[in-house]
Amino acid sequence: MARTVNLLATVVLASGALLGVSTPAGAADLAPEVIPIDLMLAGSYTDATREAIEIWNTAVPSIKFVEQDTPAPLRVMEYKTAKGIQSHVNIKGAGRGWVYLEAGDAQLYKPSRIVVHELGHILSLPDLGPGSPCSKVMSGAWGGSDCVNTQPDPAEKAAVRDFFAAHDVGDRVPWWGSPVAARRTPTCGTSPGRT
């Protein structure tokens with residue numbers, strides 16, 4: 001749908017330019033791809049999730065998380081395990097699914113960094129591996145517990161922009177469900193050796 005809208009807008013704007021018709025300022029800017037999200041089960045991660053939403057909405061203006069107070073296709077839930085680590089996602093298509101935030105992770109890592117990382121998965125970004133720098137939010141735990149960076153770097157922003165330029169909300173995230181993803185443990189960004 002987004003590709004069709006983008007193509008149609010390009011054709012209309014190009015036709016107007018050829019005919020010498022002016023367009024209002026900002027008409028070339030298309031509306032962002034909206035991703036409804038609910039935080040009804042986010043618990044102590046509610047504020048960190050709102051901060052992460054703002055970070056991604058600012059970093060990639062072509063997408064926009066919009067909080068709603070009824071169940072949404074993207075839901076955030078705080079939960080607790082015996083280990084105290086295991087934040088992860090269950091992706092049901094780009095911008096859809098569940099973000100599970102383990103309560104104990106917030107004792108080890110900056111809560112907003114955890115959520116920015118997990119929302120990065122929802123926006124199509126895979127985990128990075130050992131040796132990943134703190135400057136990459138998708139480094140997760142590989143950035144170390146002292147890493148407090150919450151800002152996606154230019155490459156991460158470009159990857160999300162490129163994905164949504166070619167795909168719509170709900171489209172399959174290519175790496176999700178792959179044999180590599182299936183071998184990973186569901187603990188994104190919580191401790192080295194885990195994804």
Q: Please tell me if PRO126 is out of contact with any Cys (no Cβ under 8 Å at 6 or more places or on another chain) and surrounded by fewer than 16 Cβ atoms within 10 Å (Cβ to Cβ).
A: no
Q: Specify which of the listed residues (SER132, SER112, SER124, SER87) is more than 26 Å from PRO73 (Cα to Cα) and either in contact with a Phe, Trp or Tyr (Cβ under 9 Å, 6 or more places away or on another chain) or touching a residue at least 24 places away in the same chain (Cβ under 8 Å) (or both).
A: SER132
Q: Would you check if there is a residue in segment 88-102 being more than 13 Å from GLY120 (Cα to Cα) and more than 15 Å from the chain's Cα centre (by Cα)?
A: yes
Q: Tell me which residues, restricted to segment 152-165, are within 23 Å of ALA72 (Cα to Cα) and open to solvent by less than 40 Å² (accessible area, probe 1.4 Å).
A: VAL160, PHE163, PHE164
Q: Keeping to segment 7-52, report how many residues are open to solvent by 50 Å² or more (accessible area, probe 1.4 Å) and either modelled with pLDDT of 95 or more or in contact with a Lys or Arg (Cβ under 7 Å, 6 or more places away or on another chain) (or both).
A: 7
Q.
Restricting to segment 40-51, name every residue that is in a helix (DSSP H, G or I) and in contact with an Asp or Glu (Cβ under 8 Å, 6 or more places away or on another chain).
A. GLY43, SER44, TYR45, ARG50
**Q.** Of all residues in segment 62-79 being more than 21 Å from VAL173 (Cβ to Cβ) and not in a loop (DSSP other than H, G, I, E, B), the one that is most open to solvent (accessible area, probe 1.4 Å)
**A.** GLU67
Q) Has segment 129-136 got at least one residue that is buried (at least 20 other Cβ atoms within 10 Å of the Cβ), in contact with a Pro (Cβ under 9 Å, 6 or more places away or on another chain) and not charged (D, E, K, R)? A) no
Q: Within segment 80-87, identify whether any single residue is under 21 Å from CYS147 (Cα atoms), surrounded by 21 or more Cβ atoms within 10 Å (Cβ to Cβ) and in contact with a Lys or Arg (Cβ under 9 Å, 6 or more places away or on another chain), and answer yes or no.
A: yes
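So that you can scan it fast, the table gives a plain yes or no per residue for (1) touching a Cys at 6+ places or on another chain (Cβ under 8 Å); (2) over 15 Å from VAL34 (Cα atoms); (3) open to solvent by 10 Å² or more (accessible area, probe 1.4 Å):
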residue: GLU54; (1), (2), (3): no, no, yes
residue: VAL60; (1), (2), (3): no, no, no
residue: VAL115; (1), (2), (3): no, yes, no
residue: SER145; (1), (2), (3): no, yes, yes
Q.
Looking at segment 90-113 only, could you name the residues that are farther than 15 Å from VAL169 by Cα, surrounded by fewer than 22 Cβ atoms within 10 Å (Cβ to Cβ) and among the hydrophobic types (A, V, I, L, M, F, W, C)?
A. ALA103, ALA106, LEU108
**Q.** Selected residue [touching a helix residue (DSSP H, G or I) at 6+ places or on another chain (Cβ under 9 Å) and closer than 21 Å to ALA155 by Cβ] from SER112, SER44, SER87
**A.** SER112
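The values are calculated or read from the model by the stated rules, or taken from the named source; none is laboratory data. Remember, predicted model here, so these are calculated numbers, not experimental data. Positions of Cβ are generated from backbone atoms using ideal geometry, with glycine treated the same way; all protein chains shown enter the neighbour counts. What goes into the accessible areas is simple: the full protein's heavy atoms, side chains included, and nothing from ligands, DNA or RNA. Shrake-Rupley method; radii C 1.70, N 1.55, O 1.52, S 1.80 Å.
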